[in-house]
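Read through the structure below, which is laid out as structure tokens, and then see the notes.
The values are calculated or read from the model by the stated rules, or taken from the named source; none is laboratory data. Note that the structure is a prediction, hence the values are computed from the model and not measured. All Cβ positions, glycine included, derive from the backbone under ideal geometry; neighbour counts span all protein chains shown. Surface accessibility is based on the protein's heavy atoms, side chains included, excluding ligands, DNA and RNA. Shrake-Rupley method; radii C 1.70, N 1.55, O 1.52, S 1.80 Å.
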Amino acid sequence: MKVQHAQYQQFVDEVVGLVQQYRAIAVQSVQSISNQLYWNIGELIIRKQEEFGWGKSIVEQLSKDMRFHIGEGLSWSPRNLWFMRQLVYEYSNLKQAVSDLTNVKQLVSEVPWGHNILILQKVKEADARLFYLQSTVKNKYSRAVLLHQIEAGAFSNYKQHPPQHNFTTALPVHLQEQTSESIKSVYSLDFLDINKPMTERELENTMVEKVKRLMMELGYGFCFIGNQYRLTLGEKEYFTDLLFYHRVLKCLVAVELKVTEFEPGFVGKLDFYLQLIDEQLKQPDDKPSIGILLVPHKDKLEVEYALRTVSKPIGVAQYTLSKKLPKELLGKLPSADDFKQIINNKDKKL
């Protein structure tokens, strides 16, 4: 019997869809069980500290013994054990704002562990924490998108303008991406997604367009060359988010935008791109190329150490320039306030 191509392709798509759907269910189940375990460990730590008067050192000792009996893993690090305790303690002591602790425990179990930690660290109001937990469950936020929602004050905006919408229960592209990231996550099971279903790449592309528009409007002498500008080395190709030429500085400027917190590897990658740009694109009378790295959050000490090893002048947002950038260039690039506009107003005009 001859198989029709269109019919067979539809059959393959249906099978693949089933696999992806049940894969997501399996990931969510493991995530939920892990978070329930973390909550119970946090409860046990608090109860035993109260019962026996144990101090902080008990968490350090527990971490060592857990690694001995169960094996190495970030789940049993002192820092993560403290997060388990903090999670239980803070939500249990917010009954005046969050009356249904059972509901809170359910939300915590459905939210990736890294997201729970982010909400604890960045959000202090009980109602706001509950809002971000609910939003993450409903919209399948990635950690990166959740961070942007918090930084943009989504809870305040929600109180002023409550949204009216409903989301599909199907498994679109953004959920496939979330499931893939979840399986690789060391805290087990990060998911991905903003106020509408959106992949992390879509968010990044939106932000790149915003950066380009702002820099072109600022009048600092930036001449746009290209988005996702292609660079090559041997048979490999690489793409920098944005490439400009600065008429005043007489140099090329590469801009990389990340929607996740700063990682040292971001600097190394941008430094590598600048080396390719200088060797392949820079004209003899051009000054050395400059890199601008934009991230939503960074640890200053981590950035300082990362910049020590790079050979090219790189500025890292929030929003200071590398000490390797010559003094005469300061003031000729967009300021901290200019870049803050990009992050804080990313939902406008687009």
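Answer yes or no: is there a residue in the stretch 59-72 that is of a type outside the set (Lys, Arg), within 28 Å of Lys140 (Cα to Cα), at pLDDT 90 or above and assigned to a helix (DSSP H, G or I). Write out each step before concluding.
So in the stretch 59-72, the residues of a type outside the set (Lys, Arg) come out as 59-63, 65-66, 68-72.
Okay, now just the ones that are also within 28 Å of Lys140 (Cα to Cα), so none.
Scanning the stretch 59-72, I find no residue that is of a type outside the set (Lys, Arg), within 28 Å of Lys140 (Cα to Cα), at pLDDT 90 or above and assigned to a helix (DSSP H, G or I), so the answer is no.
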remark   = (1) under 27 Å from Ser156 (Cβ atoms); (2) assigned to a helix (DSSP H, G or I) all hold for Arg47 apart from (1)
task = Could you tell me whether any residue of the stretch 87-110 is of a type in the set (Phe, Trp, Tyr) and more than 23 Å from Ser142 (Cα to Cα)?
result = yes
message = Just to be sure I understand the filter: pairs with C-beta atoms under 6 Å, separated by 6 or more residues or on different chains, first member in the stretch 60-84 and surrounded by fewer than 16 Cβ atoms within 10 Å (Cβ to Cβ), second member in a helix (DSSP H, G or I) and of a type in the set (Phe, Trp, Tyr). Which pairs pass?
response = Arg67/Trp76
ask   = Inside the stretch 280-308, can you point out the residues that are open to solvent by 90 Å² or more (accessible area, probe 1.4 Å) and either closer than 20 Å to Gly221 by Cβ or at pLDDT below 85 (or both)?
value = Gln283, Asp285, Lys287, Lys300, Leu301, Glu304, Tyr305, Arg308
task = Search the stretch 18-38 for residues that are modelled with pLDDT of 85 or more and pair each with any residue that is aliphatic (A, V, I, L, M) and surrounded by 14 or more Cβ atoms within 10 Å (Cβ to Cβ) when their beta-carbon atoms are under 7 Å apart and the residues are at least 6 apart or on different chains.
result = Asn35/Val108; Tyr38/Met84
inquiry  = Can you tell me which condition Ser311 does not meet? The list is (1) at pLDDT below 85; (2) in contact with an Asp or Glu (Cβ under 7 Å, 6 or more places away or on another chain); (3) under 21 Å from Asn227 (Cβ atoms), and all the others hold.
reply    = (3)
ask   = Which members of the stretch 108-134 meet the condition of being surrounded by fewer than 23 Cβ atoms within 10 Å (Cβ to Cβ) and polar (S, T, N, Q)?
value = Ser109, Gln121, Gln134
request  = Please specify each residue of the stretch 96-150 satisfying the condition of being among the hydrophobic types (A, V, I, L, M, F, W, C), part of a loop (DSSP other than H, G, I, E, B) and modelled with pLDDT under 85.
outcome  = Ala97, Val98
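Would you pick out the residues in the stretch 1-15 that are open to solvent by 70 Å² or more (accessible area, probe 1.4 Å) and assigned to a helix (DSSP H, G or I)?
Correct list: His5, Ala6, Gln7, Tyr8, Gln9, Gln10, Phe11, Asp13, Glu14.
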request  = Looking at (1) open to solvent by 80 Å² or more (accessible area, probe 1.4 Å); (2) closer than 25 Å to Ser142 by Cα; (3) not hydroxyl-bearing (Ser, Thr, Tyr), find the lone condition where Gln20 falls short.
outcome  = (1)
